[in-house]
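Asks: Structure provided below as structure tokens; questions to follow.
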Amino acid sequence: MSDETRECPIEGCTHQHSRRLAMCARHWRMVPERLQLEVYRLYREQPGSGDHVQAIENAIASVEGRAPRELFG
């Protein structure tokens, strides 16, 4: 594995993807659009912030069938 890629964070997925992306394309398409937009917005406004990281964790949870945590609650 090169420094430019990493394994998808979805449990059981071994696909490699760019480090700039939250997960592999197959699983990203499973994330609800509102969560995708939130990840994009926070990346533009606050890359690497706690809120951005939480949005990515919520996207992962949505694909794995877990309830996302509230971002601003």
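Asks: Of the conditions (1) modelled with pLDDT under 90; (2) over 14 Å from the mean Cα position of the chain (by Cα), Glu45 fails just one. Which one is it?
Replies: For Glu45, the exception is condition (1).
Asks: Still on this structure, please answer the following. Identify the residue in segment 35-60 that is in contact with a Leu (Cβ under 9 Å, 6 or more places away or on another chain) and among the small types (Gly, Ala, Ser) and, among all such residues, is nearest to Ala25 (Cα to Cα).
Replies: Only one residue tops the list, namely Ala59.
Asks: Exactly one condition in (1) surrounded by 13 or more Cβ atoms within 10 Å (Cβ to Cβ); (2) more than 18 Å from Pro68 (Cα to Cα) is false for Pro9; which is it?
Replies: (2)
The values are calculated or read from the model by the stated rules, or taken from the named source; none is laboratory data. A quick note: this is a predicted structure, and the numbers were derived from the prediction, not measured. Note that each Cβ is placed from the backbone with ideal geometry, even for glycine, and that neighbours are counted across all protein chains shown.
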